[in-house]
Amino acid sequence: QVQLVESGGGLVQAGDSLRLSCAASGGTFSRYAMGWFRQAPGKEREFVATISGGGTFRYYVESMKGRFTISRDNTKNTVYLQMNSLKPEATAVYYCAAGTGSAQVMRDMKKVDYWGKGTLVTVSS
């Protein structure tokens with residue numbers, strides 16, 4: 001079983017940046033596609049970004065391209081989400097995810113095998 005623990009959330013102002021981290025344990029980290037999803041108040045959880053096991057392939061929700069960067073350090077069993085130029089609409093609980101399928105497929109949350117408990121990001125205007 002894989003356990004995922006997010007960190008790095010907090011309260012920031014619009015235009016600020018944050019880097020979220022997700023520490024994974026259990027399993028062979030490099031074999032898992034990793035990703036981030038978010039859930040805003042009153043809304044469904046949605047895809048944000050995924051990255052392949054070796055870090056070669058990355059996918060982003062279209063609205064965040066150019067401002068969000070997903071990365072991973074397989075020596076630390078950690079995946080990151082660098083969020084720049086944050087807007088109030090980015091306010092949400094951000095969840096780390098892991099899956100045995102491809103990063104492309106895992107854009108669909110139904111293909112996620114493991115979830116973290118989330119970290120809250122609040123962007124004030």
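The values are calculated or read from the model by the stated rules, or taken from the named source; none is laboratory data. Just so it is clear, the structure is predicted and the values come from calculations on it, not from any experiment. With ideal geometry, Cβ positions are generated from the backbone for all residues, glycine too; neighbour counts draw on all protein chains shown. Note: accessible area is taken over every heavy atom of the protein model, side chains too, but ligands, DNA and RNA are not part of it. Shrake-Rupley method; radii C 1.70, N 1.55, O 1.52, S 1.80 Å.
Remarks
- Any pair with Cβ under 8 angstrom, 6 or more apart, that starts in the range 18-32 at a residue that is farther than 18 Å from S52 by Cβ and ends at one that is surrounded by 12 or more Cβ atoms within 10 Å (Cβ to Cβ) and of a type in the set (D, E): L20/E6; S21/E6
- The one condition from (1) over 15 Å from V93 (Cα atoms); (2) out of contact with any strand residue (DSSP E or B) (no Cβ under 6 Å at 6 or more places or on another chain) that G10 does not meet is (1).
- Residue in the range 81-92 that is farthest from K43 (Cα to Cα), counting only those that are out of contact with any Ser or Thr (no Cβ under 7 Å at 6 or more places or on another chain) and crowded, with 18+ Cβ neighbours inside 10 Å: L81
- Looking at the range 12-125, the strands (runs of 3 or more DSSP E) lying wholly inside it that each contain 2 or more residues that are over 26 Å from Q1 (Cα atoms) sit at 68-73, 78-83, 119-124.
- Residue count for the range 35-80, restricted to those that are open to solvent by 60 Å² or more (accessible area, probe 1.4 Å) and at positive phi: 2.
- Residue match in the range 53-76 (condition: closer than 12 Å to V121 by Cα and out of contact with any helix residue (DSSP H, G or I) (no Cβ under 7 Å at 6 or more places or on another chain)): no
Conditions (1) closer than 27 Å to S25 by Cβ; (2) of a type in the set (A, V, I, L, M); (3) without any contact (Cβ under 8 Å) to a residue 60 or more places away in the chain, marked per residue:
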{"residue": "Y59", "(1), (2), (3)": "yes, no, yes"}
{"residue": "F68", "(1), (2), (3)": "yes, no, yes"}
{"residue": "R72", "(1), (2), (3)": "yes, no, yes"}
{"residue": "V79", "(1), (2), (3)": "yes, yes, yes"}
{"residue": "T91", "(1), (2), (3)": "no, no, yes"}
{"residue": "A97", "(1), (2), (3)": "yes, yes, no"}
{"residue": "M109", "(1), (2), (3)": "yes, yes, no"}
{"residue": "V112", "(1), (2), (3)": "yes, yes, no"}
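- Checking each residue in the range 10-34 for being among the β-branched types (V, I, T) and surrounded by 13 or more Cβ atoms within 10 Å (Cβ to Cβ) picks out only V12.
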